[in-house]
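The values are calculated or read from the model by the stated rules, or taken from the named source; none is laboratory data. Please read all numbers here as calculations on a predicted model, not as lab measurements. Every residue, glycine as well, gets a Cβ built from its backbone with ideal geometry; the counts of neighbours run over all protein chains shown.
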């Protein structure tokens, strides 16, 4: 009997066990080809982001030879080795391929961080609103309604233009705009789960309200939330792209896909390669997350 | 599609049904044969997973994307159903073969009026005009005994009660005069008295319309009341079939006999003749043994004979009607001789009073925020969930609280547990009035000494945590132990107590069956060494044999720990078996209370009388007086000024019942009845349930 490995004194599972279960549940994804394609795309970009120093032929901020078409050769100079501009260069002479590769790091760091932050706030609000009901529910729901009634872009512009663009501000802005939507989902799930007998059992044990919310209710809401998280990551990436495009993204010269499109916008008709490949990069990553979310939903429904 | 009116209505031969799943092919039904003549009612009995619903689906040719009829034939009036095109099947369903499901509310479209849904059936199948369909629908609604059919036609499903909804569903099934009616547990979701009405209706309809019926249920008592013949299924096979009289009086198969031993018949007694649960577990579909499926669990298993080859159905000789059994050894088995009396258990000694409920009252406030209500000054309405409750419970005793939905028993449980506080009156437990102490303000010791076992086994455990973790949490919370190792030891001891293997410690609820989850629920309730446990319908969601095992477990633990058990139920058979004293509640008030014998014998409160008559009893030699309640349950927000039962009472004496609250009459010390009818008159009533003495019986049961 495996008594040595399991040390169960707290009802919450150990992190290692949870990780193993998460990995095993990804294996189930094999059943859904849609999910597999999505997972493939996502893991492709994660790999690119991790291996950026090895993959990128040039320094993303080095201004080398402006207005080069894709496939053009770089003869090299004193500081930089020779190579090929596989995707061409922008009007300042920076290699687009390298910028896309390094840009994936930016996206794949800020997007998950922003989503995580939005989820933390959204879950706390949703739990409180759904469990306590009464005036707290009314208050939180109205706050959420007010925030949601703003056109999202206007909200971002107000926040970022006022405070100033930086990585942290972008995360805060995205959290502010996304949390109400997440709060609504969590609140709906909590409203259903709080009527279960095991919640009543916990209440009749005299457990504290927050313990019930976080330990009894939240783990059982993870199914829909995980699917939503994948989808929302996609939206956040679009948002970061749009913010970059509007000039509200990370200040230059950080390679930021949206910022790249904005920067070369005026050249688009004459030199489409300057904007085309960044668009493809953003689209493929978002598509990957959407398909992954679809696949997860398919697989979880089948069980 | 030519029907042969002389052929049997349904003729199934050697049917084999399978499902295709991720794990491969799973045989669901094996070697199933059945013949139904015109006007006959057949019962299909079995526990979950035996395949009875699958058979019904196969008859409708509606097995879903992954179900197939592997082999065998299903002939409806001579026509082989397998050969029909989807178009022809569509014409068959609803017109010739109708099906009635378990949940009435799920069977009706909530956004269409009932009239629209009813008229749809004959309009589509027979092409009659709207006016004719309307008239026919009204007539059938009258046949199913719905009052005011015109109003029902114009109403939406949510505007009528559950029992009425099921009657409408039955009416829909009957509208095109089908030859065959399939009923899949039609009364499981309904209250006992409502169930009695529907059951009687179904039995009458067969005679009135000449419809043949297939009645699927796990409740042998219901089958006895409705059907002519019965088929007992176990793990995909029919193990015994016969007429009601033959099978119920002389069950030949060990499984059938075992099933009867699991039901709390009137002759069972928790000390002298306890229930005999069937040992072992239902085999998983892909792990069925060779030979007899029931072999591993059978007390009469003969190695070599019972597990060598597939066993066919053999005719029971000496029985007048078609009684067949699938058993190698049925000729050698004599169940009467097997009765042993060393299963008798010592009675529990009753101690002092631990709980006193004194005039407890719980009102809920409902706020009507509409402008009209505020102007009229009636914006706050009171839901009188509990009114003037008075009873007590002693150490080691089992007190049953009996009543149907809406009677206030759950509210009372909530007040006891501290999830609500009483509006008035006292609930004294261990000296303190806990009625006004919410659970937050109770000491861990108080909380630990009063715990609850919940109804729904699938909801009672948190699906995300391990079994060991959940029980351990309770132990830690109540301060029974604080050292990790000691807590673990105690959890393992509790698992032993509820007869679960120790390695369930690391399992999660979804890996357990319903009965196993309920055992964990019991272990969790007893983790803090409670002095009193409230069991809220703990076995009503479980199969018959599993329920018997859990019931026996509960009594064993109670016997050992001298726990007071407060048993909430609507099933009077189980209550009669388990309870020492009974409290009958209706619409928040106590109608009658007393010891079990006092309740089951006259004098009766009229509601108790109706409840007793509604209980299905699976003993063909027990006679019952038939009492069917008319009228509707009044709204809890608007209860009658006088006696709450006045709208449905079969013995209503007049205006006094509507106007005045009845005084409590004491029939004997401890036996209280709240009724206006004088006690002398009540004492003259005949007993509702008449159990013949052992000598007068054709067949000895215990």
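If you scan the range A:220-254, which residues turn out to be within 14 Å of chain B (Cβ to nearest Cβ), surrounded by fewer than 18 Cβ atoms within 10 Å (Cβ to Cβ) and in contact (Cβ under 8 Å) with a residue 40 or more places away in the chain?
A:223, A:226, listed by residue number.
Consider residue B:555 carefully, then state whether it is buried (at least 21 other Cβ atoms within 10 Å of the Cβ), in contact with a helix residue (DSSP H, G or I) (Cβ under 8 Å, 6 or more places away or on another chain) and away from chain A (no Cβ under 14 Å).
no
Pick from A:103, A:88, A:122, A:93: which is closer than 30 Å to residue A:279 by Cβ, in contact (Cβ under 8 Å) with a residue 12 or more places away in the chain and surrounded by fewer than 21 Cβ atoms within 10 Å (Cβ to Cβ)?
Checking each option against the conditions leaves just A:93.
Can you spot a residue in the range A:73-89 that is at negative phi, modelled with pLDDT of 85 or more and within 27 Å of the chain's Cα centre (by Cα)?
Within the range A:73-89, one or more residues are at negative phi, modelled with pLDDT of 85 or more and within 27 Å of the chain's Cα centre (by Cα).
Could you check the range A:169-206 and list, in sequence order, the residues that are out of contact with any helix residue (DSSP H, G or I) (no Cβ under 7 Å at 6 or more places or on another chain) and within 14 Å of chain B (Cβ to nearest Cβ)?
The answer is A:192, A:195, A:200.
Residues that are under 26 Å from the mean Cα position of the chain (by Cα) and over 24 Å from residue B:49 (Cβ atoms): list the helices (runs of 4 or more DSSP H) wholly contained in the range B:480-563 that include at least 3 such residues.
Here the list reads B:514-525, B:544-561.
From the list B:426, B:436, B:420, which one is crowded, with 19+ Cβ neighbours inside 10 Å, at pLDDT below 90 and either within 10 Å of chain A (Cβ to nearest Cβ) or touching a strand residue (DSSP E or B) at 6+ places or on another chain (Cβ under 9 Å) (or both)?
Checking each option against the conditions leaves just B:420.
Of the numbered conditions (1) at the interface with chain A (Cβ under 7 Å from one of its Cβ atoms); (2) without any contact (Cβ under 8 Å) to a residue 60 or more places away in the chain; (3) buried (at least 22 other Cβ atoms within 10 Å of the Cβ), residue B:442 fails exactly one; give the number of that condition.
(3)
Looking only at residues in the range A:44-85 that are closer than 21 Å to residue A:272 by Cβ and touching a residue at least 60 places away in the same chain (Cβ under 8 Å), which one is surrounded by the most Cβ atoms within 10 Å (Cβ to Cβ)?
It comes out as A:60.
In the range B:447-477, what residues are within 26 Å of residue B:542 (Cα to Cα), more than 8 Å from every other protein chain (Cβ to nearest Cβ) and either modelled with pLDDT under 90 or touching a strand residue (DSSP E or B) at 6+ places or on another chain (Cβ under 7 Å) (or both)?
Of everything in the range B:447-477, those that are within 26 Å of residue B:542 (Cα to Cα), more than 8 Å from every other protein chain (Cβ to nearest Cβ) and either modelled with pLDDT under 90 or touching a strand residue (DSSP E or B) at 6+ places or on another chain (Cβ under 7 Å) (or both) turn out to be B:450, B:453, B:457, B:458.
Has the range B:637-657 got at least one residue that is without any contact (Cβ under 8 Å) to a residue 60 or more places away in the chain, part of a loop (DSSP other than H, G, I, E, B), surrounded by fewer than 14 Cβ atoms within 10 Å (Cβ to Cβ) and in contact with a helix residue (DSSP H, G or I) (Cβ under 8 Å, 6 or more places away or on another chain)?
yes
Can you list the strands (runs of 3 or more DSSP E) found entirely within the range B:197-308 that contain at least 3 residues being in contact with a helix residue (DSSP H, G or I) (Cβ under 7 Å, 6 or more places away or on another chain), crowded, with 21+ Cβ neighbours inside 10 Å and modelled with pLDDT of 85 or more?
Passing ranges, in order: B:212-217, B:229-234.
Which condition number does residue B:576 fail, the rest of (1) touching a strand residue (DSSP E or B) at 6+ places or on another chain (Cβ under 8 Å); (2) closer than 20 Å to residue B:196 by Cβ being met?
(1)
Going by the structure shown, is residue B:411 in contact with a strand residue (DSSP E or B) (Cβ under 7 Å, 6 or more places away or on another chain), within 22 Å of residue B:585 (Cα to Cα) and either within 14 Å of chain A (Cβ to nearest Cβ) or surrounded by fewer than 24 Cβ atoms within 10 Å (Cβ to Cβ) (or both)?
The answer is yes for residue B:411.
Tally the residues that are out of contact with any strand residue (DSSP E or B) (no Cβ under 9 Å at 6 or more places or on another chain) and assigned to a loop (DSSP other than H, G, I, E, B), restricting the search to the range B:172-196.
Going through the range B:172-196 one residue at a time, the tally reaches 4.
Only one residue in B:480, B:533 is modelled with pLDDT of 90 or more and either more than 9 Å from every other protein chain (Cβ to nearest Cβ) or more than 21 Å from residue B:445 (Cβ to Cβ) (or both), so which one is that?
B:533
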